């Protein structure tokens, strides 16, 4: 009977220590300091960062020169 009480006491102590132990803090993910604005290509609709997009007229953006040229040709 003494061994059973001893094992139960040890189990309760281990549970209490694990439960009350503060979790280890993981390395926080580093996010870029500035969040870039996203725009979509007027021709194909793909989203890309604004600083990588090719700008056209009337606040239109394109993913490549080919799409800009195709869009310009399709205008009346």
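Some notes on this structure:
- Across every direction, the projection of the convex hull enclosing the Cα atoms of region 36-76 has a mean area of 2.6 nm².
- D (Stokes-Einstein, µm²/s), Kirkwood Cα radius, the chain, 0.692 mPa s at 37 °C: 184
- Using a Förster distance of 30 Å, the FRET efficiency for residue 36-residue 73 (Cβ separation, nearest 0.05): 0.50
Throughout, read-outs are computed from the coordinates displayed, never taken from laboratory work. Worth saying up front: this structure is predicted, and the values here are computed from it rather than measured. Every residue, glycine as well, gets a Cβ built from its backbone with ideal geometry; the counts of neighbours run over all protein chains shown.
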